Amino acid sequence: MTAMTDLVIRTATADDVDTVLAFWRVAAEGTSISDDRDGVERLVARDPDALILAERDGTLAGTVIAGFDGWRCHLYRLAVHPDQRRRGVGAALLAAAEERFTALGGRRGDAMVLDRNALAQHAWRAAGYVREAHWSRWVKRLTV
């Protein structure tokens, strides 16, 4: 757990799942196929340090998922509550994620950012990330 002035950075537990899901409905851009109780519980159970939370005054202010598969460092669900934006929450979450990746031996972090989300693109650029136009994301929905 890390404190940044009044901001507390910590990893999520199973007790945080409902709060995180409700938070994403307010703070995240759109929803994901994994934005349900089973998906988040599975994430926390499989990799307890991957879902990083930022809290201010005991209230969830932001989230990021810092997933490492042993090969690549992937960032998902960087979301900051609208009332907490431009107050260092996103930067603190990314610093915690990058610290995790470095400790695990990661060499490069990547993030998926919606093309239409100009605010997020600005935030990622400000954090030192660059868009790689020569890549395309290919997906296939799997049945459960």
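Considering region 40-144, the qualifying strands (runs of 3 or more DSSP E), each wholly inside and each with 2 or more residues that are hydrophobic (A, V, I, L, M, F, W, C), run over 51-56, 59-68, 73-80. Do we have any residue at all in region 75-86 that's of a type in the set (S, T, N, Q) and open to solvent by 40 Å² or more (accessible area, probe 1.4 Å)? No, the conditions are met nowhere in region 75-86.
For region 1-39, the set of residues classified as under 18 Å from residue 68 (Cα atoms), of a type in the set (A, V, I, L, M, F, W, C) and either out of contact with any Ser or Thr (no Cβ under 9 Å at 6 or more places or on another chain) or part of a helix (DSSP H, G or I) (or both) is empty. Evaluating residue 29 against the criteria (1) surrounded by 13 or more Cβ atoms within 10 Å (Cβ to Cβ); (2) of a type in the set (D, E, K, R); (3) farther than 14 Å from residue 123 by Cβ leaves one unmet condition, (3). Please list, ordered by first then second residue, the pairs with beta carbon atoms under 9 Å, 6 or more apart or interchain, first in region 14-25 and in contact (Cβ under 8 Å) with a residue 24 or more places away in the chain and aliphatic (A, V, I, L, M), second surrounded by fewer than 19 Cβ atoms within 10 Å (Cβ to Cβ) and part of a helix (DSSP H, G or I). Note: pairs meeting the criteria are 14/41; 14/45; 17/37; 17/41.
What are the residues in region 32-56 that are exposed (fewer than 12 other Cβ atoms within 10 Å of the Cβ) and without any contact (Cβ under 8 Å) to a residue 12 or more places away in the chain, if any? Answer for region 32-56, where residues must be exposed (fewer than 12 other Cβ atoms within 10 Å of the Cβ) and without any contact (Cβ under 8 Å) to a residue 12 or more places away in the chain: 38, 46.
If the condition is being under 22 Å from residue 118 (Cβ atoms) and of a type in the set (A, V, I, L, M), then region 66-91 contributes 75, 78, 79, 80, 89, 91.
Residues satisfying the criterion are absent from region 101-120 (criterion: modelled with pLDDT of 90 or more, in contact with a Ser or Thr (Cβ under 9 Å, 6 or more places away or on another chain), hydrophobic (A, V, I, L, M, F, W, C) and closer than 20 Å to residue 47 by Cα).
Going through (1) surrounded by 12 or more Cβ atoms within 10 Å (Cβ to Cβ); (2) at pLDDT below 95; (3) of a type in the set (S, T, N, Q) one by one, residue 19 falls short only on (2).
The values are calculated or read from the model by the stated rules, or taken from the named source; none is laboratory data. This one's a predicted model, so the numbers in the text were calculated from it and none came from an experiment. Virtual Cβ from ideal backbone geometry, glycine too; neighbours counted across all protein chains shown. To get the accessible areas, we keep the full protein, side chains included, count just its heavy atoms, and leave off ligands, DNA and RNA. Shrake-Rupley method; radii C 1.70, N 1.55, O 1.52, S 1.80 Å.
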